[in-house]
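Report on the following structure.
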Amino acid sequence: MTRIAPPLLLLLASYGTTNAAEIDFARDIRPILSDNCYHCHGPDEGTLEADLRLDTKDGLFRVVDDKAIVLPGKADDSELIRRVVTNDPDERMPPPDSNRSLTPKQIELLSQWVETGATWKGHWSFQPVVRPEVPAGQSPIDYFVRERLTREGLTPSPEASKERLIRRVTIDLTGLPPTLEEIDGFLVDDSPDAYERVVDRLLKSPHYGERMAWDWLDAARYADSNGFQGDRERTMWPWRDWVVRAFNTNLRYDQFTVWQLAGDLLPDATLEQKLATGFCRNHMINGEGGRIAEENRIEYIFDQMETMGTVWMGLTFQCCRCHDHKFDPIARREYYQLFAFFNQTPVNGGGGDPQTAPNLVFGSPEQEAERQRLHRETDEARAQVEKSDKTLLGESDGSRAVSETEIKRIRNILAKPLLDRNDEQLSELEKYGDKHAPEYAKLVRDFRVIRKKRDDQHRSLPRVMIMQDMDKPRKSFMLTKGLYNQPGEEVNAETPKIFPPLPSDAPKNRLALAKWLVDPSHPLAARVTVNRYWQMFLGTGFVKTTDDFGSQGERPSHPELLEWLASDLVQGGWDVKRLHKTIVMSATYRQTAKASPTSSADDPENRRLSRGPRFRMSSWMLRDQALAMSGLLVGKLGGRPVNPYQPADVWSEATFGKKKYQQGKGEDLYRRSLYSFWRRIVGPTMFFDESKRQTCSVKLGRTNTPLHALTTMNDVTYVEAARALAQRVMRSSDQDPICIEKAFRLATSRRPTEVESGILLARLEQLKSQYAAAPEQAKQFLAVGDSTRDADLDAIEHAAFTGLCALMLNLDEALTK
Amino acid sequence: MNPLAQQQALQTRRQFFGRSAVGIGTAAYASLLGRDATASDESRTGGLPSLPHYAAKAKRVIYMFMNGAPTHTDLFDYKPLQQKMHGEPIPESYFKGKRFSTMTGDPTGKKVLAPVEPYRQYGESGAWVSDFMKHTGSVADDVCFIKSMHTEQVNHAPAATFFLTGSEMAGRPTMGAWLSYGLGNDTDNLPSFTVMTSVSKGTTCGQIFYDYYWGSGFLPSQFQGVKFRAGGDPVLYLSSPAGVTQPIRRGVLDDLAKLNELQYQEFADPEIQTRIAQYEMAYKMQTSVPELTDLSQEPQHVLDMYGPDVKERGTFAHNCLMARRLAERGVRFIQLMHAGWDQHGSITTELYNQTRDTDQPSAGLLRDLKQRGLLEDTLIIWGGEFGRTPFLQGDINNRPKWGRDHHPYAFTVWMAGGGIKPGMTYGASDDLGMNAVEDRVHVHDFQATILHLLGIDHEQLTFKHQGRRYRLTDVHGNVVRGVLA
């Protein structure tokens, strides 16, 4: 068993504790019980030992055989305490073979808690959200953050420099760096609302929706292919574009929720509301031969409801497939009751069709115009044939030798309405016409050709998979071990008991479920959402485990602030832009990221928020930033996914040649990362630390490895961006120091110091002499990437500047927001 | 180190857990914390201080994963009764109550199929090995055959995932990721977990290798396997762009470090120090990987051990030689994945391709490691995700199309080297190779044994995710003591 060094242990134990004497059950005691006891004495009835539950109040204060489990005020008479201190291995808890054990500090806490009266509280995140009081005129964020800082003898940091602030907020809200004009405008604006106006401008930018969409796509496991063997391409991108629009138009988050989970069930559902339900269908599809359709179908539904659990409830349901939840009060039965809500679509799980119905045909305006034209022309051609039908036999009558049987057959065909004649019959008419009535034959041929065109076009249109319930409900069963072929007891759609119930008059369908999730009485959706956005802006959620708000999840670092923001989100009409503005306007967010030696050592993760956020940007933002600062970025919104630079053989190697990467051309190479084609079995190689887009993911990856350095130093995208950036600054001035300053500002949003300029200038000179000595290498370097360069620029100079810009793109500061 | 400094170092380590470069095994870590004094191996960077739990018998693993499921009774598990009963229906007692793939359905009436190539005995151990695997036969005295393997999965992807992660569902860390996380890295210029893939020439039934076969699951992503590729750069984005020479790159990196150091002075963010070190490691990889993949110094007699394809990238032979070179350089976990063993209708055809392309290289690798003294502390594993039915899939009168279906109830893997008893067979299947009956070894037992050989108690290497402590062996697994030296 790993033991932590004692000094650290004390440090950890006091971490976040205001007063060692004041023990809080939720903060100090339940985590100990949950981690060490619930596995056998928790909600799972299947593994309950000694019929003893420690996760409920009743269980904890029960008296068994005259022995109280917990006797408030009397640690010595409490069985719980006796069992954790005894040296008798048969009695000791947790049992020595459980791989769990309590530290002396934890035992002490338990004893103190009992001695001081053993107050009990329900798990915090399942309690109703209560809006805490904030003194008038104070920013609630800053009020609560400072309250904790003061309590712990810390002081907040001053505001970041204007340059760093505009960089931080621009990247956070749009995923792109500020332009030089934007920086300059902000620097000269001394008005008190200068920053607020920047924020308002950014919230209105169309790139705001693109930035917000990325994290949502991670949560929604969005990809452009099915996954698994075969990995067929799908066309869910109209749903992705809808997400961008929803963020840009600031669709209320409660509606954003209802539309995506149940837009199809809204009265007179619009196209957009139906399209939104694509969220539920973004799961992987297994088209492997030999797979059992029903097994697939069940997997898809598990995925749909577990995704809902993570995104809106911050709860992990997966374990309930087989047994009651080990730590949270969710029974296996309740899992399958939630499952029943999603179990009603006609999808049967068979095959690997990436457009499996129910779906929505989704053409571009051009495609729609084409579709209408083809429909019209088909109708016209049909009318022509119908009009001439009676002439066929009339014209050929008697003039040539025609067998009676043939005439009879033709007559029978003609007796049917045109649309009921199959292709074979039409072909027969055509052949007969060729011999006896060439004009009629041509009409039939024209009709068949145009109709085929129409049908082919119809088939080629993108179809977005959406939700739709069957008229006749499907029965749902508790599946033993989650196996499709082992149904147990039948269950009906119902929400878990621990939460407020569905309205009694509500139909038990997805729409009621979705509305229930965002009902103001529901304790989780607002908390979980606010927490995820806090993670987005400040780097870590109040609850670090963004995907687990259950008893095994972390307790919030700033509970009152989380409560306040959650209640404000609901009271403010689920206005996401308002929430984002509240966060970025706070002094907490605007602090400098500079760490004092003590704050860095005491709080390396900055959980107390005594300084501003400073993190490496996501890899997709790094790519977008490189494109933006170099001027290569094509800012077009939406549309089919594109294939940017990627080593040619990555797909074929992974699929033994079955899939070949067709790298895009022109604009396609310079679109925002959001639009890059996402092949599920082998994701885009230029991104690192990103979700795999296989199942729901709400956590941010932020590792630091040599492979990342290789990508940003050597990937064509970055090399070409360095070349374009060099060209951009060289064209603006013929003075090296000015060019360097401009490139540096584009990369970091601030001016270099004298020392920094000196280092860069010297490096530039060195590069110039290196390339002057090897002009051929300069040429090769400048040839990287598809875009053409300005041939008027001296090749040696341009190559040297490109090398220097590549350096600047890799500065820690350029990689950091 | 004084207690305060030690505490701070530990705390920094904790920070890296959540945020960044824990156990990445890089110069970064070494430069920040100094070499880890608690690790058993002086040269190791990263890893958990409590590991290894006890002295390791193996320092590294080469896992030759034979994807598609090699047919155990045609290769290693000799069953004379199959010969006698060839063409007769398989007795019900062998399969009663068992579930088979949807292709087989109910095995009633399926005919026993004799091995298509003869078997003979090898070495002092007298192991029976088919003529398909003559080279492996010739090293049988160094090998431990486990003939009582069994698994719970009958489809390829879930079964392979089960072997590599302990769960049939994608999303858990793979064995190599667990080892990188737990044991850190013994080299400072190569990743500790590398992967190479191949497929036999002329084989049509290759299963796709999903990248989660070497993924880190819920462990931080720096623990995922680094794929060495068959075409282009061996490691993605390894080569500097055209026109950037080594001196140019060096100079740029030197100044990059200087400028980043200035940032560190301003922000005191340890992440900046890590980044400086990672760029240095990247630079080292740019030198070490080309040196690693340059086979020009390999003598001909060594190349010959691996067979004729050894110089061709993307072949199993090439990957085997690369595995030896990676092992020599201290890489912890080397995962070679070879596709094409899915002989539903090609026992008499494509199985010859499979064995032609893999038998000599795997035996050559074992011999080469042995002659260099590396076999002692390198664990080699050969095996697939399940076995194949001892009965026929197809028409007994159509020999060219003979095949065997998926079979999870008995199959064979072999292990050799670090800590494994050589020249033995462990466990047994019944007399038709249908069911593991003696000393049965479950996938979790097999995983527990591998961890044990690396000095790890499989019950103690855990990671808390979504409120639960996860481990490679789930809540199962027993070390197979009988195979230990």
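Just counting partner chain Cβ atoms within 10 Å, what average do the residues of peptide A:769-779 show around their Cβ? Mind showing how you got there, number by number?
Details: counts 0, 5, 3, 0, 0, 3, 0, 1, 5, 1, 2.
For this peptide, the per-residue mean of nearby foreign Cβ atoms is 2.
To the nearest 10 degrees, how steep is helix A:795-809 against the longest Cα principal axis of chain A, on a 0 to 90 scale?
50
Take the Cα coordinates of region A:244-297, assign each an equal point scatterer, and use the Debye formula without solvent to give log10 I(q)/I(0) at q = 0.28 Å⁻¹.
Evaluating at q = 0.28 Å⁻¹ gives log10 I(q)/I(0) of -1.07.
Run the helix sum for chain B: -39,500 (n - 2.57) per DSSP H stretch of 4+ residues, divided by residue count, reported at 222 nm to the nearest 500 deg cm²/dmol.
So the calculated ellipticity at 222 nm is -10000 deg cm²/dmol.
Bin width 20 Å, alpha-carbon pairs only: give the P(r) of the protein assembly as shown as whole percents, running from 0 to the bin holding the largest distance.
Taking every Cα pair in the protein assembly as shown, the percentages come to 10, 35, 37, 15, 3, 0.
Which ordering of B:W341, B:W178 is given by a fewest-first count of other beta-carbon atoms within 10 Å?
Arranged by neighbour count, lowest to highest, B:W341, B:W178 become B:W341, B:W178.
I need the calculated FRET efficiency for the pair B:R120 and B:E88, taking r as the beta carbon distance and R₀ as 25 Å, to the nearest 0.05.
About 0.50, to the nearest 0.05.
Using only Cα atoms and rounding to the nearest 10 degrees, what angle (0 to 90) does helix A:365-396 make with the longest principal axis of chain A?
Approximately 30 degrees, to the nearest ten.
Add -39500 (n - 2.57) for each DSSP H run of 4 or more in chain A, then divide by its residues: what number comes out at 222 nm, to the nearest 500 deg cm²/dmol?
-14500 deg cm²/dmol
Report, in whole Å, the centroid distance computed from the Cα atoms of region B:355-379 and region B:310-344.
11
As a footprinting exposure proxy, order A:K544, A:K274, A:K472 by other Cβ within 10 Å, with the fewest listed first. Mind showing how you got there, number by number?
Numbers: A:K544 18, A:K274 21, A:K472 6.
Starting with the residue having the fewest Cβ neighbours, the order is A:K472, A:K544, A:K274.
Given A:K636/A:K742; A:K74/B:K464; A:K660/B:K201; A:K431/A:K452; A:K658/B:K311; A:K204/A:K817, which pairs have Cα atoms separated by over 23 Å? Don't jump to the answer; show the numbers that get you there.
Details: A:K636/A:K742 26 Å; A:K74/B:K464 34 Å; A:K660/B:K201 19 Å; A:K431/A:K452 18 Å; A:K658/B:K311 25 Å; A:K204/A:K817 21 Å.
In this structure, A:K636/A:K742; A:K74/B:K464; A:K658/B:K311 lie more than 23 Å apart at Cα.
So for each of A:403-411, A:171-179, B:141-149 I average, over its residues, the number of other beta carbons within 10 Å; can you give me the resulting order with the highest mean first?
Working: A:403-411: 11.8, A:171-179: 22.3, B:141-149: 24.4.
Packing order, densest peptide first, comes out as B:141-149, A:171-179, A:403-411.
Tell me, what is the percent relative contact order of chain A, built from C-alpha pairs under 8 Å that lie six or more residues apart? Mind showing how you got there, number by number?
Numbers: 1232 pairs, mean separation 129.2, N = 817.
Result for chain A is 16 percent.
Mind checking the mean number of beta-carbon atoms from other chains within 10 Å of the Cβ atoms in B:256-262?
Mean shielding count: 6.
When Cβ neighbours within 10 Å are restricted to other protein chains, what is their mean count per residue of peptide A:406-418?
Other-chain Cβ atoms within 10 Å of each residue's Cβ, averaged: 0.
In terms of Cα to Cα distance under 17 Å, which lysines are near enough to A:K435, apart from those fewer than 8 places away along the same chain?
Once the sequence-local lysines are set aside, what remains near A:K435 is A:K390, A:K408.
Among A:K57/A:K699; A:K274/A:K515; B:K110/B:K401; A:K121/A:K692; A:K481/B:K59; A:K274/A:K481, which pairs are too far apart, with a Cα-Cα distance over 27 Å?
As for pairs spanning more than 27 Å Cα to Cα, those are A:K57/A:K699; A:K121/A:K692; A:K481/B:K59; A:K274/A:K481.
Can you compute the equivalent ellipsoid semi-axes for region A:365-461, i.e. the square root of 5 times each eigenvalue of the Cα gyration tensor, sorted largest first and rounded to whole Å? Let's see the in-between values first.
Numbers: eigenvalues 178, 28, 21 Å².
Ellipsoid half-lengths, sorted descending, are 30, 12, 10 Å.
Pairing the Cα long axis of helix A:104-115 with the longest principal axis of chain A, what angle in degrees results, from 0 to 90 and rounded to the nearest 10?
Helix A:104-115 sits at roughly 80 degrees to that axis.
Over chain B, with a single point scatterer placed on each C-alpha, what log10 of the ratio I(q)/I(0) does the Debye formula yield at q = 0.09, 0.10, 0.12, 0.13 1/Å?
For chain B, the Cα-only Debye profile gives -0.62, -0.75, -1.04, -1.19.
Please report the antiparallel percentage of the DSSP beta bridges confined to the protein assembly as shown, to the nearest 5.
55
What is the distance in Å between the Cα centroid of region B:279-304 and that of region B:184-257?
14
Relative contact order for region A:208-354 using alpha-carbon pairs under 8 Å, separation at least 6, rounded to a whole percent?
26
Give me the Å³ per residue figure for the convex hull around the C-alpha atoms of region A:516-645.
For region A:516-645, the hull spanned by Cα atoms encloses 186 Å³ per residue.
May I ask you to sort A:E667, B:E280 by Cβ crowding, counting other Cβ atoms within 10 Å and putting the fewest first?
A:E667, B:E280
Provide the packing ranking of A:649-661, B:179-191, i.e. peptides ordered by the mean count of other C-beta atoms within 10 Å per residue, highest first.
Answer by packing, highest mean first, reads B:179-191, A:649-661.
In the structure shown, do any of A:K779/B:K258; B:K57/B:K370; A:K387/A:K442; A:K768/B:K284 have a Cα-Cα gap over 22 Å, and if so which? The partial results should precede the final answer.
Working: A:K779/B:K258 28 Å; B:K57/B:K370 15 Å; A:K387/A:K442 13 Å; A:K768/B:K284 25 Å.
From A:K779/B:K258; B:K57/B:K370; A:K387/A:K442; A:K768/B:K284, over 22 Å: A:K779/B:K258; A:K768/B:K284.
From Cα coordinates alone, what are the radius of gyration and Dmax values for region A:6-122 in angstrom?
According to the Cα coordinates of region A:6-122, Rg and Dmax are 13.9, 41 Å.
Provide the packing ranking of A:777-790, A:510-523, i.e. peptides ordered by the mean count of other C-beta atoms within 10 Å per residue, highest first. Provide the component values of the computation, followed by the final result.
Values: A:777-790: 17.4, A:510-523: 19.9.
Ranked from most to least packed, the peptides come out as A:510-523, A:777-790.
Which whole-number percent is the relative contact order of region A:6-122 (Cα, under 8 Å, 6+ apart)?
Normalised by residue count, the contact order of region A:6-122 is 25 percent.
Give me the distance between the Cα centres of region A:171-221 and region A:59-89, rounded to whole Å.
Between the Cα centres of region A:171-221 and region A:59-89 lies a distance of 57 Å.
Return an integer: the convex hull volume of the alpha-carbon atoms of region A:616-817, in Å³ per residue.
Dividing the Cα hull volume of region A:616-817 by its residue count gives 139 Å³.
Rule-based calculations on the coordinates, nothing more; no lab input. Predicted model only: the values in this text are computed from it and were never measured. Because the Cβ atoms are built from the backbone with ideal geometry, glycine has one as well, and the counts that use them run over all protein chains shown.
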